[in-house]
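**Q** I'd like to ask some things about the structure below.
The values are calculated or read from the model by the stated rules, or taken from the named source; none is laboratory data. Note that the structure is predicted; figures quoted are calculated from it, not measured. We place every Cβ from the backbone using ideal geometry, glycine too, and count neighbours over all the protein chains shown.
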Amino acid sequence: MVENPATDKISHVIGLMSGTSLDGVDLAFCSFRQNGKSYDFQIEACETVPYNSIWRSRLVGLPSQDALTFVQTHVEYGRYLGQLVKSFVDRNNLKPGFVASHGHTIFHQPLKGFTSQIGDGAALAAECGLPVVCDFRSSDVAYGGQGAPLVPIGDELLFGKYDCCLNLGGFGNISFKQGSQRIAFDTCPVNILLNFLAEKAGLDYDRNGELAASGKVIPYLLEKLNSLPYYQMQPPKSLGREWIEKEILTVLPVNDYPLNNIMRTFVEHIALQISASLPKRAGNMIVTGGGVFNKFLISRIQEYCAVELVIPGDKIINYKEALIFALLGLLRMRGIPNCLPSVTGAAKPAIGGAVYLP
């Protein structure tokens, strides 16, 4: 299925995103028009549907369940996403051409040759009555790539005027141009761990970073975090939940120090790792993702990073990833590579995404 890539044509796509921080499902109805080598875009309607306690519990626990439970959840989650899309379309009187769904990552082990984002495309398409593109990462992994991050091609085509693009989601990831190539990688865990620690303090999240700001840095823990082998690796590289469990949770002394001190230390770690990731001579950096609303975190990043931090409007902050997956779906429908080997390390540019028709 290949769409006519005429440059004067406006394409309407719904992008779906569920991040590792499990805040909910982001839906963004986006319009695109090709403009030379880049694309003009607009987010015309958007919303986030928070996970209820049942879905949150199912997604958190799925990695340790049996194969039958995994497959059943994959299909039922696809139907759930399809129902969300249908409701979103009906309430807003939208006319999208198709849906591009990231799904929810359960396993990501590219070095072992596999990655898994649940949300069955056939079930999704059946529920919403629209074509669906999903499973964007598998083709890149099949060509030996990390399968992540995929957002940098959107940074290139939609946000190319900025020297760097930083997203503060479950993980932090950065992308920038180096010569003629775009380089991108995961910098470190962000909200996935900050939220984990906040929940131990009885909070859904650390509002404005107030809990972390009240704490003190634990020097030995900061040194231990900064010395993890991942940070010495050169890109391409990416992070996943499994790495968190092995490398981070095993060293966090949650029973030995006040939680605000641990959070304060981790905020400092994030800021230092982002600073270490910046290219030389970068003048500005657009910052998106939920971490933007953590004022204390942003202040520490600015302390270490000698660049202008550009904070866009709320639509871009909250829905940039859904927007970019809508673009990845458009590229897939047009038969254009949507994975960058310079970012993922794959042997060739992949046209990622499986297409399901209603």
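**Q** May I ask you to list the residues in the stretch 211-251 that are in contact (Cβ under 8 Å) with a residue 40 or more places away in the chain and more than 22 Å from ASN173 (Cα to Cα)?
**A** LEU211, ALA213, SER214, GLY215, LYS216, VAL217, ILE218, LEU221
**Q** Which of the numbered conditions does ILE324 fail, given that it passes all the others? Conditions: (1) farther than 20 Å from LEU22 by Cα; (2) of a type outside the set (Phe, Trp, Tyr); (3) in the same structural domain as LYS112 (by TED's automatic domain parsing).
**A** Every condition holds for ILE324 apart from (1).
**Q** Considering only the stretch 219-239, state which residues are part of a loop (DSSP other than H, G, I, E, B) and closer than 25 Å to PHE296 by Cα. Lay out the reasoning, then the answer.
**A** Taking the stretch 219-239 and keeping what is part of a loop (DSSP other than H, G, I, E, B), we get 227-228, 233-239.
Of everything in the stretch 219-239, those that are part of a loop (DSSP other than H, G, I, E, B) and closer than 25 Å to PHE296 by Cα turn out to be SER227, LEU228, LEU239.
Let's see how each residue does on (1) out of contact with any Asp or Glu (no Cβ under 7 Å at 6 or more places or on another chain); (2) farther than 28 Å from PHE114 by Cα; (3) among the small types (Gly, Ala, Ser):
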site	(1), (2), (3)
GLY240	yes, no, yes
PHE325	yes, no, no
MET333	no, no, no
PRO341	yes, no, no
LYS348	yes, no, no
ALA354	no, no, yes
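**Q** Please work out if LEU297 is farther than 23 Å from GLU199 by Cβ, modelled with pLDDT of 95 or more and among the hydrophobic types (A, V, I, L, M, F, W, C). Lay out the reasoning, then the answer.
**A** Working: farther than 23 Å from GLU199 by Cβ: no; modelled with pLDDT of 95 or more: yes; among the hydrophobic types (A, V, I, L, M, F, W, C): yes.
So LEU297 does not fit the description; no.
**Q** Oh, and also: Looking only at residues that are among the basic types (Lys, Arg) and closer than 23 Å to GLY19 by Cα in the stretch 221-263, which one is surrounded by the fewest Cβ atoms within 10 Å (Cβ to Cβ)? Can you show your working first?
**A** Narrowing the stretch 221-263 to residues among the basic types (Lys, Arg): 224, 237, 241, 246.
Then keep just the ones that are closer than 23 Å to GLY19 by Cα; that gives 237, 241, 246.
Numbers: LYS237: 18, ARG241: 18, LYS246: 9.
So the residue we want is LYS246.
**Q** Now for a different question. Residues in the stretch 71-120 that are assigned to a loop (DSSP other than H, G, I, E, B) and among the aliphatic types (A, V, I, L, M): how many? Spell out how you get there, then give the answer.
**A** If we filter the stretch 71-120 for residues that are assigned to a loop (DSSP other than H, G, I, E, B), which is where we start, we get 93-97, 102-103, 113, 119-120.
Still in the list and also among the aliphatic types (A, V, I, L, M): 94.
Of the residues in the stretch 71-120, 1 are assigned to a loop (DSSP other than H, G, I, E, B) and among the aliphatic types (A, V, I, L, M).
**Q** Further question: Out of everything in the stretch 154-204 that is part of a loop (DSSP other than H, G, I, E, B) and touching a residue at least 24 places away in the same chain (Cβ under 8 Å), what residue ends up being surrounded by the fewest Cβ atoms within 10 Å (Cβ to Cβ)? Show your work before the answer.
**A** Within the stretch 154-204, the first condition is being part of a loop (DSSP other than H, G, I, E, B), and the residues that meet it are 159-163, 169-170, 179-180, 190, 201-204.
Still in the list and also touching a residue at least 24 places away in the same chain (Cβ under 8 Å): 159-160, 162-163, 169-170, 190, 201.
Working: PHE159: 23, GLY160: 15, TYR162: 21, ASP163: 18, GLY169: 21, GLY170: 28, VAL190: 28, ALA201: 13.
Ranking the candidates gives ALA201 first.
**Q** Can you find, within the stretch 277-310, the residue that is surrounded by the fewest Cβ atoms within 10 Å (Cβ to Cβ) among those that are touching a strand residue (DSSP E or B) at 6+ places or on another chain (Cβ under 6 Å), of a type in the set (A, V, I, L, M, F, W, C) and in a loop (DSSP other than H, G, I, E, B)?
**A** Going through the qualifying residues, I end up with ALA282.
**Q** I'd like to check something: does the stretch 94-112 contain any residue that is in contact with a Lys or Arg (Cβ under 7 Å, 6 or more places away or on another chain) and farther than 30 Å from GLY345 by Cα?
**A** No, that holds for no residue.
**Q** Of everything in the stretch 22-55, what is under 18 Å from GLN83 (Cα atoms), part of a strand (DSSP E or B) and either without any contact (Cβ under 8 Å) to a residue 40 or more places away in the chain or over 17 Å from the mean Cα position of the chain (by Cα) (or both)? Give them in sequence order.
**A** GLY24, PHE29, ALA45, VAL49, PRO50
**Q** Then there's this: Are any of the residues in the stretch 317-338 under 23 Å from PRO236 (Cα atoms), surrounded by fewer than 24 Cβ atoms within 10 Å (Cβ to Cβ) and either among the polar types (S, T, N, Q) or more than 17 Å from the chain's Cα centre (by Cα) (or both)?
**A** There is at least one residue in the stretch 317-338 that is under 23 Å from PRO236 (Cα atoms), surrounded by fewer than 24 Cβ atoms within 10 Å (Cβ to Cβ) and either among the polar types (S, T, N, Q) or more than 17 Å from the chain's Cα centre (by Cα) (or both).
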